[in-house]
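Every read-out reported here was derived from the displayed coordinates using simple, explicitly stated rules and does not represent laboratory data. It should be emphasised that the depicted structure is a prediction, and the values quoted were computed from it without experimental measurement. Quick reminder, even Gly has a Cβ in these numbers, built from the backbone with ideal geometry, and neighbours come from all protein chains shown.
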Amino acid sequence: MPDNSLIGFKQWSWITILVITLDQLTKILADQFLQYHQPVELMPMFNFTLMYNKGAAFSFLANAGGWQRWFFLILTSAVSIFIYLWLKKLKTHQVLQYSALALILGGAIGNLIDRAIYGHVIDFLDVYYKQHHWPAFNIADSAITIGAILLIYDTLKNPHEDS
């Protein structure tokens, strides 16, 4: 008898792989074709602007002196392992949780790769209104955000469902 959790994980792992691939490809292109901190306007309120983030979300701990790279590498690795194990425990009918966690895992691994290779995360998506800019982000950050929203929605929609 096949293990349903493994079948479900294999069925949804393509999302994680797609996020990692798109994230890394777009970061390589941004790093090659954009000038650091020089915005390229795509449309009103949206630019491509190459930035390097040595910290976490919203540049948290970006100026901490270097130790944060190792801290975030260890933390992200631990979280990625936790999410992977969570994914393997899900039942095949838990589609929204699979999707959400696969997106979060792909985003976490995408930023983990940057941190391991470059010592910083490559950001290039710049949303703003007038002079107020949202912190720059990337495909991995977007996947993590969408995954977190889907996970919250699923939790509110199915508060008593067993994992």
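Taking Cα centre as origin and charging only the Cβ of basic (Lys, Arg, +1) and acidic (Asp, Glu, -1) residues, the dipole magnitude of the range 85-163 rounds to 160 debye. Seen from every direction in turn and averaged, the convex hull around the alpha carbons of the range 66-155 projects onto 7.0 nm².
The antiparallel fraction among DSSP beta bridges confined to the range 4-147 stands at about 90%.
Filter the trypsin sites (Lys or Arg not before Pro) in the range 78-122 down to the DSSP loop ones having no more than 14 other Cβ atoms within 10 Å, then list what survives. Loop-located and lightly packed - LYS91. In nm, to one decimal, how far is the VAL127 label point from the LEU42 one, both placed 7 Å along Cα→Cβ? Spacing of the two 7 Å Cα→Cβ label points: 1.2 nm. With an 8 Å cut-off on Cα pairs and a minimum separation of 6 or more residues, tell me the relative contact order of the range 106-157 in percent. This gives 36 percent for the range 106-157.
Each 10 Å bin from zero holds the following percent of Cα-Cα pairs in the range 4-147: 12, 38, 32, 15, 3, 0. Highest mean packing comes first when the peptides 20-28, 120-128 are listed by Cβ atoms within 10 Å, giving 120-128, 20-28.
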